[in-house]
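Encoded as structure tokens, the structure appears first; notes follow it.
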Amino acid sequence: MTITYDPSHPAYWDEADMRDELLRVYDLCHGCRLCFNLCPSFPTLFDYADKYDGDVHQMTVAEQDHVVDECFQCKICYVKCPYIPPHEWLLDFPRLLLRAAAVRKKSAGVRVRITDNALGRTDLNGRVGTVLSGAVNKVVTTPGTGIRKVMEKVTGISAQRVLPPFAKQRFSTWFKRRPRQRIERRQGDVAVFQTCMVEYQNPAVGKDLVKVYERNGIACSLPEGTACCGAPFLHAGDFDAFRKYAEKNVKALAAEVRKGRDVVVPQPTCGYVLKNDYFDHIGDTDDTRLVKEHTFDAAEYLMRVHKAEGTALDTEFPGPVPETVTYHVPCHLQAQNIGLKSRDLMKLTGAQIKIAAQCTGIDGTWGYRAENQELQQRQIQPLKRTIEQQASECVVGDCHLANGAIAEETGRTPVHPIQLVARAYGIPEER
């Protein structure tokens with residue numbers, strides 16, 4: 001049994017060794033059960049433990065894999081687990097289950113690889129989707145049609161999901177064409193890692209980010225040579241594909257940092273990947289350290305400017321401010337352990353913020369897979385109840401994918417925290 005989360009370790013890919021480590025961790029989790037209500041993996045594990053009177057070593061390979069398959073890498077157990085590294089037990093449940101998924105990936109069937117590529121090639125999908133947005137959006141936003149059922153059979157993407165529509169104009173196109181703003185009192189200089197969600201599907205978030213940042217004296221630029229963060233491939237256990245994206249992005253972003261810029265990310269999953277997963281999978285290099293140390297969530301950076309000595313945000317808000325806001329805290333933002341910076345930012349406007357911290361069960365692309373549809377629907381119900389009970393004037397969330405799931409389930413369309421602040425400043429929304 002080898003306790004390793006490093007894919008370059010020779011024992012990492014040994015299935016027998018991996019199975020022994022799974023059972024060690026399963027036994028520790030069974031004895032603790034603090035995470036019983038976080039995601040489907042833990043109740044499933046505990047049911048099997050109870051079935052064998054606590055002896056998890058009697059679990060079959062299929063039962064072990066059942067637990068693995070229900071982990072969608074939300075990372076939220078990091079917030080509660082008392083045994084994560086550097087604890088002597090070195091329990092890292094998400095990365096262990098990612099190891100298990102990667103080992104199994106080596107013998108995966110053709111259908112699995114097709115699904116991984118359909119969900120993972122976000123830049124290719126985005127380029128095609130924006131060019132053909134009219135036709136494509138009719139398909140992706142209309143579940144249950146014949147075309148969607150054929151798509152499900154071919155790609156494995158659920159025919160019952162409303163998928164994020166594509167924009168007609170990419171964010172980078174707007175950024176290059178926009179009138180340049182003169183910044184009188186510079187308080188920061190950032191490279192915006194716009195993410196696939198902002199680049200191809202929700203450019204409005206990026207537009208408002210740039211306008212809010214520039215209003216507060218923060219110069220914005222777009223880094224050259226970046227691509228998708230690679231999270232869909234990472235979470236599917238395809239480390240070779242992930243490393244290609246990671247190495248490309250680290251090189252481009254480290255170059256921006258050396259120019260004196262910080263990296264700002266408006267989507268929490270991508271931010272988590274840049275801060276943590278690149279470091280884990282490429283290694284401790286000058287470039288990975290630079291990216292890790294200089295990458296910030298969009299609201300995190302603004303609050304950093306606001307609280308730093310000699311700088312401050314504009315706190316005059318002449319635009320509309322909702323009286324009450326339900327703020328959904330995405331799992332991958334909680335796992336960054338930076339506090340509730342989006343909440344703190346929105347509180348500056350005078351809005352009353354109510355917290356909804358349950359998971360939507362989307363988590364990257366896991367919730368879009370046909371085999372996970374029913375489980376995702378069960379996972380989001382506690383969040384749905386919270387949003388309905390709070391009955392706030394406005395629903396806000398940092399994650400575009402989670403926001404889509406919330407809109408689909410509740411009929412309430414969330415906005416990004418940066419968008420709420422932009423409207424409060426009186427910045428009109430671009431149509």
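The values are calculated or read from the model by the stated rules, or taken from the named source; none is laboratory data. Given the structure is predicted, the values throughout are model-derived calculations rather than measurements. Cβ coordinates were reconstructed from backbone atoms using ideal geometry, including for glycine residues, and neighbour counts include every protein chain displayed.
Points worth noting:
- Residue match in the range 328-339 (condition: touching a Lys or Arg at 6+ places or on another chain (Cβ under 6 Å) and under 20 Å from VAL212 (Cα atoms)): no
- Any hit, the range 263-279, residues being over 16 Å from the mean Cα position of the chain (by Cα), within 25 Å of PRO203 (Cα to Cα) and buried (at least 16 other Cβ atoms within 10 Å of the Cβ): yes
- Residues of the range 46-100 classified as crowded, with 22+ Cβ neighbours inside 10 Å and farther than 23 Å from ASN372 by Cβ, total: 1
- Pairs linking a residue in the range 402-422 that is touching a residue at least 60 places away in the same chain (Cβ under 8 Å) to a residue that is outside any helix (DSSP H, G or I) and aliphatic (A, V, I, L, M), with Cβ atoms under 6 Å and 6 or more positions apart or on different chains, are ALA402/ILE362; GLU408/VAL162; PRO414/VAL395; PRO414/VAL396; PRO417/VAL396; LEU420/VAL396.
- Residue check, VAL291 modelled with pLDDT of 95 or more and either of a type in the set (Ser, Thr, Tyr) or under 16 Å from the mean Cα position of the chain (by Cα) (or both): no
- Hey, ASP398 among the acidic types (Asp, Glu) and either over 30 Å from LYS153 (Cβ atoms) or modelled with pLDDT of 95 or more (or both) or not: yes
- Of ALA335, ALA351, ALA357, ALA298, all but one fail to be of a type outside the set (D, E, K, R), touching a strand residue (DSSP E or B) at 6+ places or on another chain (Cβ under 7 Å), closer than 21 Å to THR269 by Cα and not assigned by TED's automatic domain parsing to the domain that holds VAL150; the exception is ALA298.
- Failed criterion for GLU70 (all others in (1) under 24 Å from ALA11 (Cβ atoms); (2) in contact with a Pro (Cβ under 6 Å, 6 or more places away or on another chain) hold): (1)
- Count of the range 399-424 residues which are surrounded by 19 or more Cβ atoms within 10 Å (Cβ to Cβ) and part of a loop (DSSP other than H, G, I, E, B): 3
- Given (1) more than 19 Å from TYR301 (Cβ to Cβ); (2) surrounded by 21 or more Cβ atoms within 10 Å (Cβ to Cβ), number of the condition GLU247 does not satisfy: (2)
- ASN249 meets all of the listed conditions (1) assigned to a helix (DSSP H, G or I); (2) closer than 23 Å to LYS211 by Cβ; (3) of a type in the set (S, T, N, Q) but one, namely (2).
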